[in-house]
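To start, the structure itself, in structure tokens.
Read-outs: derived from the displayed coordinates by stated rules, not from any lab. Worth saying up front: this structure is predicted, and the values here are computed from it rather than measured. Don't worry about glycine lacking a Cβ; one is built from the backbone with ideal geometry, like all the others, and counts go over all protein chains shown.
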Amino acid sequence: MDAFFVSVELLDHPELRGRPVVVGGSGPRGVVAAASYEARAYGVFSAMAGARARRLCPEAIFLPGRYARYQEVSEQVMAIFASFTPLVEPISLDEAFLDVTGSRRLHGDGQTIGRAIRTRVADDLHLTCSVGVASVKFVAKLASEQAKPKASPTGPRPGRGVVEVADDDLANFLHPLPVQVLWGVGPATLRRLERLGVATVGDLARLPLDAVRSSVGDAAGRHLHALANGHDERDVVPDRRAKSVGHEETYAVDLVEPAAVDREALRLSDAVASRLRKGGVAGRTVTVKVRFGDFSTITRSATSPTSTDSPSEIVGTARMLLAEVDPSAGIRLLGISVSGLDGGSAHQLAFDLDATSDQAGSSSASAVDVLDRAAAERAVDEIRERFGDDAIGPAALLDDGELRLRRRASAPWGPAAVDQAGVGHDEQATDPGHAL
């Protein structure tokens, strides 16, 4: 999709058409999620710091974003894709791979299908998309980028819409491109490749495989050398299971007090557990992510023999992991995730119906405790389903008589304002119900 988040906003706010519009966090630690082509003409792009975007384009109109609305439109887009082939692999709200090999007899060749999809999206949703056609997934991705409109000082210039790269033209298409376009070439890998004299995909393709492997490692070397030569054996996978469920938040002011860190850990754990239960999954590994004010980042994980979707168990493990972290240097970002997912939670119940203690003095939950807690959590889910997420939650998260819960996509691109506790309030409070 072309500038998807902004394009959806312009559907609902046509008075903003033709003006530089940015969706993202407006606070000093906000990030640009999407920019209109008018804003891009000033050098504003996604993933850019919001403060820099404001300096480049002072007249830009910042919108906090409405993830629930984007999810709604995304489902409509994916439904159009699915009408051409059942083999649709979404990789984000606004992008997907389609395997149309089996659809050509009914719908025509790749270019014909690409044009038909663009027409349906435009007619049904009043949005635009760009299509890349190739027999290799990552080449199709690169071709779709070349098909997109281009920003200019006089307004957006239309793109080609559909770009096809034939098998016998892969090398001509790939080799002039900068090596950074290859999946897996980040700053560190780029520096290693540059020491080998690699600037373009063609430079990498012409190197002996052993030279690439010795520079960037065996697995990465084989992967990048194959891509540079147009080889990508990965199929379109229509059903991709989530590997983890998590939440993280960047704070307007660094957290320095253990009590504040504990409160945020509880808030994030409650949100993660809620999404796990909605998705009907549970996980064994809890991971905490901490980014300090100097941008140094650490992660800590612990794995249990059984799976859980319980907020009390998740926050208990998170607290244990965070006990090893000194927040006095200032925590800029905190995240909690659960991985090792399966189809539901399982608990090891104690034989005794009372709480038991081992010789080391640690207590384990009794069967009654576990079952009572599970019943309470089901009741919480039912209340939230009927009255909304903010209807019930941990008392520790009360703020001036109101619950301040964390839900997916509330201020996903950074804080907007600062309260007296130094915590950035969300610019929006929406739960998109996004697939796990």
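Things to note:
- Cross-link pairs beyond the 27 Å C-alpha cut-off, checked among Lys243/Lys278; Lys148/Lys289; Lys243/Lys289; Lys141/Lys289: Lys148/Lys289; Lys141/Lys289
- Packing around the peptides 77-85, 146-154, 285-293, taken as the average count of other Cβ atoms within 10 Å per residue, puts them in this order, highest first: 285-293, 77-85, 146-154.
- Label-to-label distance, nm, for residues given as Asp168 and Ala375 (7 Å Cα→Cβ offset): 7.4 nm
- A dipole drawn for segment 108-196 from +1 and -1 charges on Cβ atoms has a positive end, and of Pro153, Leu125, Val139 the residue lying farthest that way is Pro153.
- Chain lengthening between Ala242 and Leu56 when straightened (0.36 nm per residue, less Cα-Cα): 63.2 nm
- Here segment 111-184 and segment 19-85 have alpha carbon centers that stand 20 Å from each other.
- Spacing of the two label points (7 Å from each Cα toward its C-beta) at Lys289 and Ala199, in nm: 3.5 nm
- Segment 200-255-segment 260-336 distance, computed between alpha-carbon centres (Å): 27 Å
- Neighbours of Pro149 by Cβ distance under 9 Å: Lys/Arg scored +1, Asp/Glu scored -1, total +2.
- Where labels lie 7 Å past Cα in the beta-carbon direction, separation of Ile383 and Asp210 in nm: 6.8 nm
- Scattering from segment 119-262 was approximated by placing one identical point on each alpha carbon and applying the Debye formula without solvent; log10 I(q)/I(0) at 0.13, 0.17 1/Å stands at -0.80, -1.02.
- Here the extension length gained between Ala122 and Ala68 equals 17.3 nm, from 0.36 nm per residue of separation less the Cα-Cα distance.
- The packing ranking of peptides 216-223, 137-144, highest mean first, is 137-144, 216-223, where packing means the average number of other beta carbon atoms within 10 angstrom of each residue.
- Computed packing ranks the peptides 54-61, 40-47 as 40-47, 54-61, most packed first, by mean other Cβ atoms within 10 Å.
- Put a plus charge on the Cβ of each Lys and Arg, a minus charge on the Cβ of each Asp and Glu, and nothing anywhere else: the dipole of segment 68-165 about its Cα centre is then about 380 debye.
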